[in-house]
Amino acid sequence: MKGSVRTARRIMGRLKKGDDLLEALTRECENAGITLGEVRALGAVSRARVGYYDQTGRQYKYIEREAPQEILALVGNVSLKDGRPFVHAHIVFSDEEGRAWGGHLAEGTIVFACEFIVREYLAEEHFERRFDEETGLFLWGG
Ligand code: ZN
């Protein structure tokens, strides 16, 4: 599924120390009434938790690191799931030796400092996540 989109508003801000990164980004979108768009962020976290999708087992395995990490890059999108804004983001961290690692951003990643930008998109098509039998994931429906 694909469709053309055009940029509408952009919001830019900072999250609070102690915020859950995924929940806080979702809340920012909800508060701004953004249901379709793109998310980017950088900063640092005090604790990291990401998922890796096991394509055979059709479930996420979670990786947790209880240590300060830099957010080198967070890229994501916003669309609707169950009628509410849903942020899907992937994140690359670096540890104290500059080694990069990351995955599918999961709840449990705690902000130390974070600067984000959300670009709102408007589209003719309806980007809503629905269960996809082929992958076991909630993907944009056709
Ligand atoms: Zn993902």
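Just so you know, all these numbers are worked out from the coordinates, no wet-lab data involved. Model, not experiment: these values are computed from the prediction. In this analysis, Cβ positions are derived from the backbone assuming ideal geometry, glycine residues included, and neighbour counts consider all displayed protein chains.
Please list, by residue number, everything in region 110-142 whose backbone N is under 16 Å from a paramagnetic label point 7 Å out along Cα→Cβ of TYR53.
Answer for region 110-142: 128-142.
Given +1 on the Cβ of Lys and Arg, -1 on the Cβ of Asp and Glu, and no further charges, what dipole in debye does the chain carry about its Cα centre, rounded to the nearest 20?
Details: 20 positive and 23 negative charges, 66 e Å.
Rounded to the nearest 20 debye, it is 320 debye.
Pull out a ≥ b ≥ c, the square roots of the eigenvalues of the alpha-carbon gyration tensor of region 12-140, then state rounded if a/c is under 1.5, prolate if not and a/b is larger than b/c, and oblate in the remaining case.
On the way: a/c = 2.20, a/b = 1.22, b/c = 1.80.
Taking the square roots of the gyration eigenvalues as a ≥ b ≥ c, region 12-140 is oblate.
From the square roots a ≥ b ≥ c of the eigenvalues of the alpha-carbon gyration tensor of region 40-116, which class results: rounded (a/c under 1.5), prolate (a/b over b/c), or oblate? Mind showing how you got there, number by number?
Details: a/c = 2.09, a/b = 1.28, b/c = 1.64.
Oblate.
As I understand it, the value is the acute angle between the Cα axis of helix 21-32 and the longest principal axis of the Cα atoms of the chain; what does it come to in degrees, rounded to 10?
Rounded to the nearest ten degrees, it is 40.
What lysines sit close enough to LYS81 to cross-link, taking a C-alpha to C-alpha distance under 20 Å and skipping anything fewer than 8 places away on the same chain?
LYS2
Test of understanding: in a Gaussian network model of the chain with alpha carbons linked when under 10 Å, which of VAL87, VAL50, VAL75 would top the mean-square fluctuation ranking?
VAL75
Sort out the exposed loop GluC sites (Glu not before Pro) in the chain (DSSP loop, at most 15 other Cβ within 10 Å) and tell me the longest stretch that has none.
On the way: sites that count: GLU66, GLU96, GLU97, GLU107, GLU124, GLU125, GLU133, GLU134.
Excluding the exposed sites themselves, the longest stretch runs over 1-65.
Hey, can you grab everything whose amide H is under 5 Å from the amide H of TRP140? Only 5+ residues off in sequence or another chain; H modelled, so Pro and N-termini drop out.
ARG130
If a/c stays under 1.5 just call it rounded; otherwise compare a/b with b/c (prolate if a/b is bigger, oblate if not). Do that for region 1-68, with a ≥ b ≥ c from the square roots of the Cα gyration tensor eigenvalues.
On the way: a/c = 2.67, a/b = 1.20, b/c = 2.21.
In terms of gyration-tensor shape, oblate.
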